[in-house]
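Any read-out appearing in this document is the output of simple, stated calculations on the displayed coordinates, not a laboratory observation. All values reported here derive from a predicted model rather than from experimental measurement. Positions of Cβ are backbone-derived with ideal geometry, glycine not excepted, and every protein chain shown enters the neighbour counts.
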Amino acid sequence: MNDGGAGPVDGLIDNTRPHSARIWNYLAGGKDYYPVDAAAAERVLSVFPGMRDMTLHSRAFIGRVVRHLAGEVGIRQFLDIGTGLPTQDNTHEVAQRVAPECRIVYVDNDPLVLAHAEALLTSDPAGSCAYLHADVREPEEILRQAEKTLDLSRPVGLMLMGILGLVPDADEARSIIARLLAALPPGSYLGLNDGATTDPAYVEAIRRHNANSGAVPYTPRDPEQITTFFDGLDLLEPGVVSCSHWRLEVTPFGLPDEVAVWGGLARKA
């Protein structure tokens, strides 16, 4: 895609403005981006070279959350909102390695993700995958469509990874979470991470990105504010922490450095 071809949704994709999903794909080492996305990512990297490591740690956090839910908890349904472009170890791949019968619904509003939805739908025959082209600000519509694949009377793993930073108003972000969780039964889980204000270089890089890129602005939040997204839920240990430290096996070399993306996992009682 980095050669400029838009694929099966020509006319829907704006390749003159960077998009967060494509910038993320570039930073994660993918191939599904346009020159404008690469340029935006490189400008961030010029101010904050740690952005690529942060992206990879965030991705690894998602994998650990899904493995915990599918393995230790026994969750068999996942609603992954803001999934981004397919990479290695997508939610359905991680979950269905543990339990092939897992059912996954992906949600994103980027037409390029829609173009690649087929790659997201390569489910194990024992399970199921679906893709919804929708916006995180439309929780009722997401739930209405997701119910065609998921049984919302049974526990669901709700994934909101790196998406709420695109909702600048924290009260609106909390409202989105509350409306989604209200439709899910007790025993469901919320896995969430977002960019944090813990690294001044990252904050400055995002400030410049928001001012100059033309992309949808991203809002880093302090860890205390990210923690409020789990209010009313039973937060699992170790709580809301840097994603590079969440349930990571300690090696003889110790833990990696903290990165400016924080998250956690919590259960709806």
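Miscellaneous remarks
- Inter-centroid distance (Cα atoms) of region 43-110 relative to region 115-194, Å: 12
- Nearest-0.05 FRET efficiency for residue 201 and residue 39, computed from C-beta distance (R0 22 Å): 0.70
- Dividing the mean sequence gap of close Cα pairs (under 8 Å, 6+ apart) by how many residues region 74-117 holds gives a relative contact order of 52 percent.
- Two-site FRET efficiency, residue 133 against residue 247, from Cβ-Cβ distance with R₀ of 35 Å, rounded to 0.05: 0.60
- Phi angles of region 66-78 translate, via the Karplus equation with coefficients 6.51, -1.76, 1.60 and θ = phi - 60°, into HN-Hα couplings of 5, 4, 5, 5, 6, x, 6, 8, x, 5, 10, 9, 9 Hz per residue; Gly and Pro are given as x.
- Region 7-267 - charge dipole about Cα centre, Lys and Arg +1 at Cβ, Asp and Glu -1, debye rounded to 20: 220
- If both residues of a DSSP beta bridge must be in the chain, then about 35% of such bridges are antiparallel.
- By average C-beta atoms within 10 angstrom, highest first, the peptides 168-181, 60-73: 60-73, 168-181
- Computed lengthening from residue 124 to residue 101, 0.36 nm per intervening residue step minus Cα-Cα distance: 7.5 nm
- Calculated FRET value between residue 237 and residue 14, using beta carbons and R₀ = 41 Å, to 0.05: 0.45
- Rg(Cα) / (2.2 N^0.38 Å) computed for region 7-267, rounded to two decimals: 0.95
- Taking amide hydrogens as placed 1.01 Å from N in the peptide plane, the amide H of residue 188 sits under 5 Å from those of 156, 268, each at least 5 positions away in sequence or on another chain.
- Each residue of region 42-52 is assigned a 3J(HN,Hα), and the resulting list reads 5, 5, 5, 4, 5, 9, 9, x, x, 4, 5 Hz, derived from the Karplus form 6.51 cos²θ - 1.76 cosθ + 1.60 (θ = phi - 60°), x at Gly and Pro.
- One decimal place: the segment residue 212-residue 73 gains 45.7 nm when fully extended, by the rule 0.36 nm per residue minus the C-alpha distance.
- Region 7-267 - percent relative contact order, Cα under 8 Å, separation 6 or more: 19
- Protection proxy ranking of 103-113, 33-43, 131-141, by the mean of other Cβ atoms within 10 Å over each peptide's residues and highest first, is 103-113, 33-43, 131-141.
- Global geometry of region 156-196, whether rounded, prolate or oblate, following the gyration tensor of its Cα atoms and the 1.5 cut on a/c: oblate
- Here the gap between residue 53 and residue 140, fully extended at 0.36 nm per residue and compared with their Cα-Cα distance, gives a gain of 27.9 nm.
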